[in-house]
1. Can you give me the long-range amide H partners of H218? Hydrogens built in the peptide plane at 1.01 Å from N, cutoff under 5 Å, separation of 5 or more residues or another chain.
2. Order the peptides 330-338, 288-296 from the highest to the lowest mean number of other Cβ atoms within 10 Å of their residues.
3. Over 14 Å apart: what share of the alpha carbon pairs of segment 291-352 falls there, rounded to a whole percent?
4. Could you tally the net charge around R425, taking each other residue with its Cβ under 11 Å from the Cβ of R425, Lys/Arg +1 and Asp/Glu -1?
5. Order F418, F395 by their accessible area, 1.4 angstrom probe, all chains in place, largest first.
6. Which order do the peptides 397-404, 239-246 take when ranked by the mean count of other beta-carbon atoms within 10 Å per residue, highest first?
Amino acid sequence: MEAAPLFEEFLPESDCDCPGCIHWRRTAHVLPPRLGGHRAAHGARRALVLAAAAGTVLGGQTLPAVASAEVGTHPAVPGAAPADDGSDDGTGNPQGGVGPLHGGAATSTPGAPGAATYGAITRAEIIERAQKWVAAKVPYDMEKYWPDGYRQDCSGFVSMAWNLGGNEWTGSLGSYAVRIAKEQLQPGDILLFHNPANPTKGSHVTIFGGWTDNARTHYTAYEQTRPHARKQATPYAYWTNGDRYLAYRYKGVSDGAPGGSGSARTPYPGARSFGPGAHNPYVTQLGKALVARGGKRFYRSGPGPRWSEADRRATQAFQLAQGWRGGAADGLPGPTTWSYLMKGKGRNIPAAGADGPVTGSGAGAPAYPGRSVFRPGRSDPAIERLGRQLVKKGFGRHYARGPGPSWSESDRRNVEAFQRAQGWRGAAADGYPGPETWRRLFR
(Lines give C-alpha, C1' and ligand atoms only; values in the text may rest on other atoms or scores of the structure.)
Protein backbone atom coordinates (compact mmCIF):
# COMPACT_ATOMS: atom_id res chain seq x y z
CA MET A 1 0.00 0.00 0.00
CA GLU A 2 1.31 3.40 -0.93
CA ALA A 3 2.12 5.63 2.05
CA ALA A 4 -0.16 8.62 2.60
CA PRO A 5 1.45 11.91 1.56
CA LEU A 6 2.54 14.27 4.35
CA PHE A 7 1.41 17.89 4.42
CA GLU A 8 2.58 20.67 6.71
CA GLU A 9 0.32 23.63 7.29
CA PHE A 10 2.00 27.01 6.94
CA LEU A 11 0.21 30.04 8.43
CA PRO A 12 1.00 33.40 6.84
CA GLU A 13 2.10 36.39 8.95
CA SER A 14 -0.92 38.27 10.33
CA ASP A 15 0.34 41.56 8.89
CA CYS A 16 1.24 40.25 5.42
CA ASP A 17 -0.57 42.16 2.66
CA CYS A 18 0.11 39.83 -0.27
CA PRO A 19 -3.00 38.64 -2.22
CA GLY A 20 -2.62 35.06 -1.02
CA CYS A 21 -2.57 35.98 2.67
CA ILE A 22 -5.46 38.37 2.25
CA HIS A 23 -7.49 35.60 0.58
CA TRP A 24 -6.57 33.18 3.35
CA ARG A 25 -7.71 35.57 6.06
CA ARG A 26 -11.02 36.19 4.30
CA THR A 27 -11.95 32.58 3.59
CA ALA A 28 -10.43 30.15 6.03
CA HIS A 29 -9.14 31.98 9.09
CA VAL A 30 -11.32 30.94 12.00
CA LEU A 31 -10.82 31.33 15.70
CA PRO A 32 -8.90 28.47 17.35
CA PRO A 33 -10.70 26.64 20.20
CA ARG A 34 -8.64 28.42 22.91
CA LEU A 35 -10.13 31.76 21.80
CA GLY A 36 -13.72 30.58 21.73
CA GLY A 37 -13.81 29.04 18.23
CA HIS A 38 -15.44 25.72 17.40
CA ARG A 39 -13.21 22.69 17.27
CA ALA A 40 -15.14 21.32 14.30
CA ALA A 41 -14.54 24.47 12.29
CA HIS A 42 -10.86 24.59 13.22
CA GLY A 43 -10.50 20.94 12.26
CA ALA A 44 -12.37 21.49 9.02
CA ARG A 45 -9.88 24.09 7.86
CA ARG A 46 -6.98 21.77 8.64
CA ALA A 47 -8.74 18.94 6.85
CA LEU A 48 -9.14 21.11 3.78
CA VAL A 49 -5.38 21.72 3.67
CA LEU A 50 -4.66 18.03 4.01
CA ALA A 51 -7.16 16.83 1.43
CA ALA A 52 -7.31 19.62 -1.12
CA ALA A 53 -4.53 18.37 -3.40
CA ALA A 54 -5.90 14.97 -4.44
CA GLY A 55 -7.84 13.55 -1.54
CA THR A 56 -6.55 11.69 1.51
CA VAL A 57 -5.41 8.11 1.21
CA LEU A 58 -6.64 6.04 4.14
CA GLY A 59 -6.67 2.24 4.12
CA GLY A 60 -6.33 2.14 0.34
CA GLN A 61 -9.48 4.23 -0.20
CA THR A 62 -9.43 7.74 -1.58
CA LEU A 63 -11.77 10.19 0.17
CA PRO A 64 -13.07 13.24 -1.65
CA ALA A 65 -11.67 16.59 -0.67
CA VAL A 66 -13.68 18.58 1.90
CA ALA A 67 -15.91 21.14 0.22
CA SER A 68 -14.64 24.65 0.72
CA ALA A 69 -18.14 25.86 1.57
CA GLU A 70 -17.97 24.01 4.88
CA VAL A 71 -14.95 26.01 5.97
CA GLY A 72 -16.57 29.41 5.48
CA THR A 73 -19.45 28.84 7.90
CA HIS A 74 -17.74 30.73 10.72
CA PRO A 75 -16.85 34.43 10.48
CA ALA A 76 -13.26 35.42 10.04
CA VAL A 77 -11.59 37.77 12.51
CA PRO A 78 -8.90 40.31 11.66
CA GLY A 79 -5.47 39.46 12.89
CA ALA A 80 -4.91 36.98 15.67
CA ALA A 81 -4.47 37.11 19.40
CA PRO A 82 -0.92 36.48 20.60
CA ALA A 83 -0.20 33.15 22.21
CA ASP A 84 0.33 35.12 25.42
CA ASP A 85 -1.13 38.60 25.24
CA GLY A 86 0.62 40.04 28.27
CA SER A 87 -2.61 40.74 30.14
CA ASP A 88 -3.45 37.24 31.32
CA ASP A 89 -2.47 35.42 34.49
CA GLY A 90 1.15 36.45 34.30
CA THR A 91 2.53 33.72 32.04
CA GLY A 92 2.63 35.95 28.98
CA ASN A 93 4.62 39.14 28.48
CA PRO A 94 6.16 40.41 31.70
CA GLN A 95 7.51 43.96 31.72
CA GLY A 96 10.41 45.69 33.34
CA GLY A 97 10.22 48.59 35.75
CA VAL A 98 10.97 52.28 35.45
CA GLY A 99 14.52 52.82 34.29
CA PRO A 100 16.84 54.95 32.15
CA LEU A 101 17.55 54.46 28.47
CA HIS A 102 19.85 51.56 27.60
CA GLY A 103 19.03 49.85 30.86
CA GLY A 104 20.71 50.32 34.17
CA ALA A 105 19.18 50.17 37.59
CA ALA A 106 15.42 49.67 37.36
CA THR A 107 13.20 49.87 40.40
CA SER A 108 12.34 46.51 41.88
CA THR A 109 8.87 47.79 42.72
CA PRO A 110 8.05 50.20 39.89
CA GLY A 111 5.99 53.27 40.61
CA ALA A 112 4.97 56.54 38.99
CA PRO A 113 7.78 59.11 38.82
CA GLY A 114 7.62 62.09 41.13
CA ALA A 115 7.35 64.63 38.32
CA ALA A 116 6.60 63.44 34.80
CA THR A 117 8.18 65.54 32.06
CA TYR A 118 7.32 65.39 28.40
CA GLY A 119 8.20 67.05 25.12
CA ALA A 120 6.12 67.93 22.09
CA ILE A 121 5.58 65.30 19.42
CA THR A 122 3.06 64.96 16.59
CA ARG A 123 0.70 62.05 16.08
CA ALA A 124 2.40 61.26 12.79
CA GLU A 125 5.76 61.06 14.58
CA ILE A 126 4.37 58.68 17.20
CA ILE A 127 3.04 56.30 14.56
CA GLU A 128 6.21 56.61 12.50
CA ARG A 129 8.37 55.68 15.50
CA ALA A 130 6.10 52.72 16.32
CA GLN A 131 6.19 51.53 12.70
CA LYS A 132 10.00 51.40 12.77
CA TRP A 133 9.92 48.73 15.47
CA VAL A 134 7.17 46.86 13.62
CA ALA A 135 9.17 46.90 10.37
CA ALA A 136 12.29 45.74 12.19
CA LYS A 137 10.29 43.03 14.00
CA VAL A 138 11.99 43.96 17.26
CA PRO A 139 11.92 40.79 19.41
CA TYR A 140 10.00 40.86 22.67
CA ASP A 141 12.27 40.84 25.71
CA MET A 142 11.72 42.50 29.07
CA GLU A 143 15.45 42.54 29.88
CA LYS A 144 16.99 43.61 26.57
CA TYR A 145 17.22 47.08 25.02
CA TRP A 146 17.06 48.05 21.36
CA PRO A 147 19.90 50.28 20.05
CA ASP A 148 17.68 53.35 20.50
CA GLY A 149 17.79 52.72 24.26
CA TYR A 150 14.26 51.50 24.90
CA ARG A 151 13.33 48.25 26.63
CA GLN A 152 11.84 45.64 24.31
CA ASP A 153 8.56 45.11 26.17
CA CYS A 154 5.10 46.68 25.82
CA SER A 155 5.73 49.70 28.07
CA GLY A 156 9.18 50.27 26.60
CA PHE A 157 7.56 50.29 23.17
CA VAL A 158 5.18 53.11 24.18
CA SER A 159 8.03 54.98 25.90
CA MET A 160 9.90 54.80 22.60
CA ALA A 161 6.94 55.87 20.45
CA TRP A 162 6.21 58.85 22.74
CA ASN A 163 9.95 59.68 22.78
CA LEU A 164 10.09 59.74 26.58
CA GLY A 165 13.37 60.35 28.37
CA GLY A 166 13.43 56.89 29.91
CA ASN A 167 11.69 53.53 30.07
CA GLU A 168 8.37 53.59 31.88
CA TRP A 169 5.96 50.82 32.83
CA THR A 170 2.18 50.47 32.80
CA GLY A 171 2.00 51.87 36.32
CA SER A 172 3.66 55.17 35.33
CA LEU A 173 2.65 55.79 31.70
CA GLY A 174 -0.64 57.33 32.89
CA SER A 175 1.24 60.18 34.58
CA TYR A 176 2.41 61.31 31.12
CA ALA A 177 -1.13 61.36 29.76
CA VAL A 178 -4.74 62.32 30.40
CA ARG A 179 -7.76 60.01 30.38
CA ILE A 180 -10.00 60.24 27.34
CA ALA A 181 -13.16 58.53 26.17
CA LYS A 182 -13.38 55.87 23.45
CA GLU A 183 -15.00 58.43 21.12
CA GLN A 184 -11.94 60.70 21.44
CA LEU A 185 -9.33 58.13 20.44
CA GLN A 186 -6.94 59.28 17.73
CA PRO A 187 -3.74 57.75 16.32
CA GLY A 188 -0.95 57.98 18.87
CA ASP A 189 -3.21 57.54 21.91
CA ILE A 190 -2.91 54.37 23.98
CA LEU A 191 -5.13 51.68 25.49
CA LEU A 192 -3.69 50.75 28.86
CA PHE A 193 -4.45 47.87 31.21
CA HIS A 194 -2.55 48.02 34.50
CA ASN A 195 -3.21 45.12 36.84
CA PRO A 196 -2.30 46.09 40.42
CA ALA A 197 -2.71 42.47 41.55
CA ASN A 198 0.15 41.33 39.31
CA PRO A 199 1.57 44.55 37.85
CA THR A 200 4.80 43.45 36.20
CA LYS A 201 3.27 40.42 34.46
CA GLY A 202 -0.49 40.91 34.31
CA SER A 203 -0.59 44.25 32.43
CA HIS A 204 -0.37 45.42 28.83
CA VAL A 205 -0.53 48.54 26.65
CA THR A 206 -1.12 49.15 22.92
CA ILE A 207 -0.88 52.21 20.67
CA PHE A 208 -4.09 53.15 18.90
CA GLY A 209 -3.57 53.49 15.14
CA GLY A 210 -7.11 54.25 13.97
CA TRP A 211 -10.46 52.48 13.59
CA THR A 212 -10.74 49.71 11.01
CA ASP A 213 -14.56 49.73 10.80
CA ASN A 214 -17.35 52.27 11.04
CA ALA A 215 -18.89 50.46 14.02
CA ARG A 216 -15.64 51.01 15.96
CA THR A 217 -15.43 47.40 17.06
CA HIS A 218 -11.84 46.94 15.81
CA TYR A 219 -8.82 49.20 15.60
CA THR A 220 -5.26 49.01 14.31
CA ALA A 221 -3.05 48.23 17.28
CA TYR A 222 0.69 48.82 17.37
CA GLU A 223 2.15 46.76 20.19
CA GLN A 224 5.19 44.96 21.48
CA THR A 225 4.22 41.36 22.20
CA ARG A 226 5.58 37.88 21.64
CA PRO A 227 7.33 37.10 19.39
CA HIS A 228 7.98 40.65 18.12
CA ALA A 229 6.54 44.11 17.55
CA ARG A 230 3.48 44.03 15.32
CA LYS A 231 0.64 46.00 13.78
CA GLN A 232 -2.74 44.41 13.20
CA ALA A 233 -6.50 44.80 13.50
CA THR A 234 -7.54 44.10 17.09
CA PRO A 235 -10.95 43.94 18.79
CA TYR A 236 -11.68 46.93 21.03
CA ALA A 237 -10.29 47.23 23.61
CA TYR A 238 -8.21 44.03 23.47
CA TRP A 239 -8.43 40.26 23.03
CA THR A 240 -8.71 39.66 26.78
CA ASN A 241 -9.60 41.89 29.72
CA GLY A 242 -11.08 44.33 27.19
CA ASP A 243 -13.32 45.96 29.78
CA ARG A 244 -10.31 46.86 31.92
CA TYR A 245 -8.37 48.84 29.34
CA LEU A 246 -8.42 52.64 29.66
CA ALA A 247 -7.78 55.18 26.88
CA TYR A 248 -5.09 57.81 27.44
CA ARG A 249 -3.67 60.72 25.44
CA TYR A 250 -0.04 61.80 25.77
CA LYS A 251 0.20 65.31 27.22
CA GLY A 252 2.87 66.36 24.77
CA VAL A 253 1.03 65.50 21.55
CA SER A 254 1.32 68.68 19.48
CA ASP A 255 -1.55 68.28 17.06
CA GLY A 256 -4.19 67.46 19.64
CA ALA A 257 -4.08 69.27 22.95
CA PRO A 258 -4.33 67.09 26.02
CA GLY A 259 -7.88 66.05 25.70
CA GLY A 260 -8.39 68.14 22.62
CA SER A 261 -6.25 70.37 20.40
CA GLY A 262 -3.01 72.26 20.20
CA SER A 263 0.41 71.76 21.68
CA ALA A 264 1.11 71.35 25.35
CA ARG A 265 3.85 73.94 24.78
CA THR A 266 1.64 76.54 23.10
CA PRO A 267 2.27 79.69 25.14
CA TYR A 268 -0.61 81.79 26.42
CA PRO A 269 -1.50 84.13 23.52
CA GLY A 270 -2.68 87.00 25.71
CA ALA A 271 -6.02 88.32 26.95
CA ARG A 272 -6.71 90.17 23.68
CA SER A 273 -7.08 86.80 21.92
CA PHE A 274 -10.31 86.10 23.79
CA GLY A 275 -13.58 87.89 24.46
CA PRO A 276 -16.19 89.63 22.29
CA GLY A 277 -14.87 90.48 18.85
CA ALA A 278 -11.95 88.03 19.01
CA HIS A 279 -11.44 85.97 15.86
CA ASN A 280 -8.29 83.85 15.69
CA PRO A 281 -7.03 80.22 15.79
CA TYR A 282 -6.49 80.39 19.55
CA VAL A 283 -10.26 80.59 20.09
CA THR A 284 -10.66 77.36 18.13
CA GLN A 285 -7.83 75.74 20.08
CA LEU A 286 -9.43 76.78 23.35
CA GLY A 287 -12.85 75.48 22.30
CA LYS A 288 -11.54 72.07 21.24
CA ALA A 289 -9.70 71.66 24.52
CA LEU A 290 -12.87 72.63 26.43
CA VAL A 291 -14.96 70.13 24.46
CA ALA A 292 -12.47 67.38 25.27
CA ARG A 293 -12.64 68.30 28.97
CA GLY A 294 -16.43 67.94 29.13
CA GLY A 295 -17.68 71.20 27.59
CA LYS A 296 -19.33 69.82 24.47
CA ARG A 297 -22.84 70.60 25.73
CA PHE A 298 -22.18 74.35 25.55
CA TYR A 299 -21.63 74.29 21.78
CA ARG A 300 -24.43 73.95 19.24
CA SER A 301 -21.83 74.16 16.49
CA GLY A 302 -18.09 74.57 16.37
CA PRO A 303 -15.89 75.37 18.19
CA GLY A 304 -14.62 77.92 15.73
CA PRO A 305 -12.25 80.89 15.50
CA ARG A 306 -14.88 83.53 16.39
CA TRP A 307 -15.41 84.11 20.10
CA SER A 308 -18.93 83.25 21.22
CA GLU A 309 -21.03 83.03 24.34
CA ALA A 310 -20.56 79.26 24.14
CA ASP A 311 -16.79 79.74 24.55
CA ARG A 312 -17.33 81.96 27.57
CA ARG A 313 -19.78 79.61 29.27
CA ALA A 314 -17.61 76.54 28.64
CA THR A 315 -14.54 78.36 29.96
CA GLN A 316 -16.46 79.48 33.05
CA ALA A 317 -17.69 75.94 33.66
CA PHE A 318 -14.09 74.68 33.51
CA GLN A 319 -12.95 77.40 35.91
CA LEU A 320 -15.77 76.63 38.35
CA ALA A 321 -14.81 72.94 38.18
CA GLN A 322 -11.39 73.92 39.54
CA GLY A 323 -13.06 75.58 42.52
CA TRP A 324 -12.36 79.12 41.32
CA ARG A 325 -14.90 81.85 42.00
CA GLY A 326 -15.44 85.55 41.36
CA GLY A 327 -13.05 87.15 38.92
CA ALA A 328 -11.12 83.86 38.62
CA ALA A 329 -14.24 82.29 37.06
CA ASP A 330 -15.25 85.04 34.65
CA GLY A 331 -15.29 82.82 31.55
CA LEU A 332 -12.23 84.47 30.00
CA PRO A 333 -9.10 82.31 29.89
CA GLY A 334 -6.10 83.79 31.64
CA PRO A 335 -2.64 82.21 31.77
CA THR A 336 -3.63 79.72 34.48
CA THR A 337 -6.80 78.56 32.74
CA TRP A 338 -4.88 78.21 29.46
CA SER A 339 -2.10 76.23 31.12
CA TYR A 340 -4.54 73.86 32.80
CA LEU A 341 -6.31 73.18 29.49
CA MET A 342 -3.19 72.79 27.36
CA LYS A 343 -1.39 70.54 29.86
CA GLY A 344 -4.36 68.41 30.86
CA LYS A 345 -4.29 69.61 34.46
CA GLY A 346 -7.15 69.99 36.90
CA ARG A 347 -10.67 68.62 36.92
CA ASN A 348 -12.91 68.07 33.91
CA ILE A 349 -16.20 69.93 33.50
CA PRO A 350 -18.91 67.94 35.32
CA ALA A 351 -21.89 66.59 33.43
CA ALA A 352 -24.97 68.77 33.10
CA GLY A 353 -26.78 69.06 36.41
CA ALA A 354 -23.83 67.80 38.43
CA ASP A 355 -22.51 71.29 39.10
CA GLY A 356 -25.75 73.28 38.89
CA PRO A 357 -26.62 75.60 36.03
CA VAL A 358 -23.91 77.73 34.53
CA THR A 359 -25.53 81.04 33.74
CA GLY A 360 -24.37 83.87 31.56
CA SER A 361 -23.82 86.16 34.53
CA GLY A 362 -21.26 86.47 37.24
CA ALA A 363 -21.95 85.44 40.83
CA GLY A 364 -24.72 87.58 42.35
CA ALA A 365 -25.53 89.37 39.08
CA PRO A 366 -29.12 89.65 37.81
CA ALA A 367 -29.95 87.44 34.87
CA TYR A 368 -29.28 88.93 31.46
CA PRO A 369 -32.69 90.01 30.06
CA GLY A 370 -31.88 89.53 26.37
CA ARG A 371 -30.71 91.75 23.53
CA SER A 372 -34.19 92.77 22.42
CA VAL A 373 -34.69 94.79 25.64
CA PHE A 374 -31.97 97.28 24.74
CA ARG A 375 -33.34 98.85 21.59
CA PRO A 376 -34.84 102.28 20.66
CA GLY A 377 -38.45 102.58 21.74
CA ARG A 378 -38.19 99.88 24.40
CA SER A 379 -39.03 100.44 28.07
CA ASP A 380 -38.06 97.92 30.73
CA PRO A 381 -36.84 97.93 34.37
CA ALA A 382 -33.65 96.24 33.17
CA ILE A 383 -32.74 99.41 31.23
CA GLU A 384 -32.83 101.52 34.39
CA ARG A 385 -30.90 98.82 36.26
CA LEU A 386 -28.27 98.93 33.50
CA GLY A 387 -28.04 102.71 33.68
CA ARG A 388 -27.62 102.78 37.44
CA GLN A 389 -24.85 100.21 37.21
CA LEU A 390 -23.11 102.28 34.51
CA VAL A 391 -23.20 105.33 36.80
CA LYS A 392 -21.88 103.21 39.67
CA LYS A 393 -18.98 102.02 37.51
CA GLY A 394 -18.16 105.59 36.43
CA PHE A 395 -19.66 105.49 32.94
CA GLY A 396 -22.66 107.82 33.33
CA ARG A 397 -21.33 111.11 31.91
CA HIS A 398 -23.67 111.01 28.92
CA TYR A 399 -26.78 111.16 31.11
CA ALA A 400 -28.30 114.65 31.27
CA ARG A 401 -30.86 113.20 33.62
CA GLY A 402 -31.84 109.76 34.76
CA PRO A 403 -31.11 106.99 34.09
CA GLY A 404 -34.63 105.70 33.53
CA PRO A 405 -36.55 102.67 32.21
CA SER A 406 -36.76 103.87 28.57
CA TRP A 407 -33.85 103.17 26.21
CA SER A 408 -32.09 106.34 25.04
CA GLU A 409 -29.06 107.45 23.11
CA SER A 410 -27.48 108.34 26.43
CA ASP A 411 -27.73 104.69 27.49
CA ARG A 412 -26.12 103.57 24.26
CA ARG A 413 -23.23 106.03 24.48
CA ASN A 414 -22.49 105.12 28.11
CA VAL A 415 -22.54 101.43 27.26
CA GLU A 416 -20.19 102.09 24.33
CA ALA A 417 -17.78 103.94 26.64
CA PHE A 418 -17.80 100.97 29.02
CA GLN A 419 -17.19 98.50 26.18
CA ARG A 420 -14.28 100.51 24.83
CA ALA A 421 -12.80 100.56 28.32
CA GLN A 422 -12.65 96.75 28.06
CA GLY A 423 -10.47 97.09 24.97
CA TRP A 424 -13.23 96.13 22.55
CA ARG A 425 -13.65 97.76 19.15
CA GLY A 426 -15.93 97.56 16.14
CA ALA A 427 -19.13 95.56 16.55
CA ALA A 428 -18.03 94.54 20.05
CA ALA A 429 -18.30 98.20 21.12
CA ASP A 430 -21.58 99.22 19.47
CA GLY A 431 -23.25 100.45 22.66
CA TYR A 432 -25.75 97.61 22.90
CA PRO A 433 -25.12 95.34 25.90
CA GLY A 434 -24.73 91.66 25.20
CA PRO A 435 -24.30 88.93 27.84
CA GLU A 436 -20.59 89.67 28.30
CA THR A 437 -21.10 93.42 28.73
CA TRP A 438 -23.87 92.71 31.24
CA ARG A 439 -21.76 90.23 33.15
CA ARG A 440 -18.79 92.57 33.44
CA LEU A 441 -20.96 95.46 34.57
CA PHE A 442 -22.43 93.48 37.44
CA ARG A 443 -19.47 91.45 38.59
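The values are calculated or read from the model by the stated rules, or taken from the named source; none is laboratory data. Predicted model only: the values in this text are computed from it and were never measured. Positions of Cβ are backbone-derived with ideal geometry, glycine not excepted, and every protein chain shown enters the neighbour counts. These accessible areas exclude ligands, DNA and RNA; they are computed on the full protein's heavy atoms, side chains included. Shrake-Rupley method; radii C 1.70, N 1.55, O 1.52, S 1.80 Å.
1. T212, D213, Y236
2. My ranking of the peptides, most packed first, is 288-296, 330-338.
3. Summing the P(r) tail past 14 Å for segment 291-352 gives 52 percent.
4. Taking every other residue near R425 into account, the sum is 0.
5. F395, F418
6. The most tightly packed comes first, giving 239-246, 397-404.
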